[in-house]
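Engineer: Can you keep this structure in mind? I'll have questions shortly.
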Amino acid sequence: MILGIETSCDETAAAVITPDGHILASVVASQDALHAQYGGVVPEVASRRHLELVTPVIREALGDAGVTLDDVSKIAVTQGPGLIGALLVGLAAAKAIAWSRRLPLVPVDHLEGHVASLYLLPTALEPPFLCLLASGGHTLLLDVHGHTEQRVLGTTLDDAAGEAFDKGARLLGLGYPGGREIDRLAREGDPAAYDFPVARVPGLDFSFSGLKTALLYATRDLAPEELAARRADLAASYQRAIVRALVGRVQEAVRQTGAATIAVVGGVAANSELRDSLPGAALAPLPLCTDNAAMIASAGRFAAPVPYPGYLGLDAYASR
Ligand code: KG4
Ligand code: ZN
């Protein structure tokens, strides 16, 4: 069995998978409620919470899977990118367990982890494919040509797609994290009510900062009751613009690369309009879109393990 551990942002997660990619257990302890009062993740608060949660979450995953550490043959853990203090908690926990059991440790890149959410059963997609990775921290178009080989075709020049959702939600007075809230509210609104811009940047890159500013202009002069009356229309139109930007780039990338298979991963892949807009695409299953440890364990099937005790010197990294 592979034990996966993920603590890069505000989810403390542990999972157990089989060597062929069956999920036996996937536990995600979300810190959403803790950070909601601040309107976003507070790194130091996240680190402290990870410290409290990491051991119980690992225990729960092993218990759910019906296994013990005796059944674990390697430990996969997110090394970066992410919040450095948060990453260090998971990495230290993984090192300690691996060291005490003389097990190998597989350091996993969080973004490769998102892609590896597709390699788990029952999806079990095989490269090559074109992958849109849209999360709170990243928006990438990837040419995935091997389990551990990927080329970046495009990235965001400013905000990530999930960040655009979160900042938009804040302007609309919705809760944190905002993507899910906008998704829910957009169902009650008219996506054609506002004509929000889709940025035209060269190549296959993305830009969302102009869109966010357009929403700011549309909302800042509204009285509270006007905002309440227009909120669903604003959410629907704003979501439509983000989805159009993402889908447009995917289609352009398909034209340029001739890719036969499209896949979508990351927190924003949970968005219902985005999922409906890419019929035929391989979509990460909903529970595996947002951060989880099953995807990290999945990446751990393919990435090179570091043998005992060399991994004790590994450090976390905040950015790629
Ligand atoms: O992958 P993820 O859990 O964390 C990062 O690696 O960043 O992605 C979190 C992001 C947040 O920005 C959140 O608002 C967004 O995913 N998100 C959504 C939805 N569910 C989560 N965005 C749009 N629609 C959703 N249903
Ligand atoms: Zn993520």
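Engineer: Take residues that are surrounded by fewer than 16 Cβ atoms within 10 Å (Cβ to Cβ) and more than 23 Å from the chain's Cα centre (by Cα) and tell me which of the helices (runs of 4 or more DSSP H) falling wholly in the stretch 159-224 contain 2 or more.
Structural biologist: 209-220
Yes/no per residue for (1) among the small types (Gly, Ala, Ser); (2) modelled with pLDDT of 95 or more; (3) in the same structural domain as LEU111 (by TED's automatic domain parsing):
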| position | (1), (2), (3) |
| --- | --- |
| ILE17 | no, yes, yes |
| ASP20 | no, yes, yes |
| VAL28 | no, yes, yes |
| GLN37 | no, no, yes |
| GLY40 | yes, no, yes |
| ALA46 | yes, yes, yes |
| THR55 | no, yes, yes |
| THR68 | no, yes, yes |
| GLY82 | yes, yes, yes |
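Engineer: Check the stretch 188-196 and report whether any residue there is within 16 Å of ligand 2 (Cβ to nearest atom) and either under 22 Å from ARG255 (Cβ atoms) or small (Gly, Ala, Ser) (or both).
Structural biologist: So far as the stretch 188-196 goes, no, none of its residues is within 16 Å of ligand 2 (Cβ to nearest atom) and either under 22 Å from ARG255 (Cβ atoms) or small (Gly, Ala, Ser) (or both).
Engineer: Kindly check whether there is at least one residue in the stretch 55-77 that is surrounded by fewer than 23 Cβ atoms within 10 Å (Cβ to Cβ) and either in contact with a Phe, Trp or Tyr (Cβ under 6 Å, 6 or more places away or on another chain) or closer than 19 Å to SER135 by Cα (or both).
Structural biologist: No.
Engineer: Condition test on GLY66, is it among the small types (Gly, Ala, Ser), at positive phi and within 16 Å of ligand 1 (Cβ to nearest atom)?
Structural biologist: Answer is no for this residue.
Engineer: Of the residues ALA92, ALA98, which is open to solvent by 20 Å² or more (accessible area, probe 1.4 Å), at pLDDT 95 or above and away from ligand 2 (no atom under 16 Å from the Cβ)?
Structural biologist: After applying the criteria, what remains is ALA92.
Engineer: From the list GLY310, GLY248, exactly one residue is more than 16 Å from ligand 2 (Cβ to nearest atom) and either under 23 Å from HIS145 (Cα atoms) or among the basic types (Lys, Arg) (or both). Which is it?
Structural biologist: GLY248
Engineer: Further question on the same structure: Name the single residue, out of those in the stretch 101-114 being open to solvent by less than 10 Å² (accessible area, probe 1.4 Å) and touching a His at 6+ places or on another chain (Cβ under 9 Å), that is nearest to ligand 1 (Cβ to nearest atom).
Structural biologist: Among those that are open to solvent by less than 10 Å² (accessible area, probe 1.4 Å) and touching a His at 6+ places or on another chain (Cβ under 9 Å), it is HIS114.
Engineer: With the condition kept exactly as written, say whether any residue in the stretch 250-266 is of a type in the set (Gly, Ala, Ser), in contact with a helix residue (DSSP H, G or I) (Cβ under 6 Å, 6 or more places away or on another chain) and either more than 16 Å from ligand 1 (Cβ to nearest atom) or outside any helix (DSSP H, G or I) (or both).
Structural biologist: Yes, there is a match, as at least one residue in the stretch 250-266 is of a type in the set (Gly, Ala, Ser), in contact with a helix residue (DSSP H, G or I) (Cβ under 6 Å, 6 or more places away or on another chain) and either more than 16 Å from ligand 1 (Cβ to nearest atom) or outside any helix (DSSP H, G or I) (or both).
Engineer: Restricting the stretch 265-281 to residues that are small (Gly, Ala, Ser) and over 7 Å from ALA134 (Cα atoms), which is surrounded by the most Cβ atoms within 10 Å (Cβ to Cβ)?
Structural biologist: Among those that are small (Gly, Ala, Ser) and over 7 Å from ALA134 (Cα atoms), it is ALA270.
The values are calculated or read from the model by the stated rules, or taken from the named source; none is laboratory data. This structure is a prediction, so every number in the text was calculated from the model and none was measured. Positions of Cβ are generated from backbone atoms using ideal geometry, with glycine treated the same way; all protein chains shown enter the neighbour counts. Note: areas computed on protein heavy atoms with side chains; ligands, DNA, RNA excluded. Shrake-Rupley method; radii C 1.70, N 1.55, O 1.52, S 1.80 Å.
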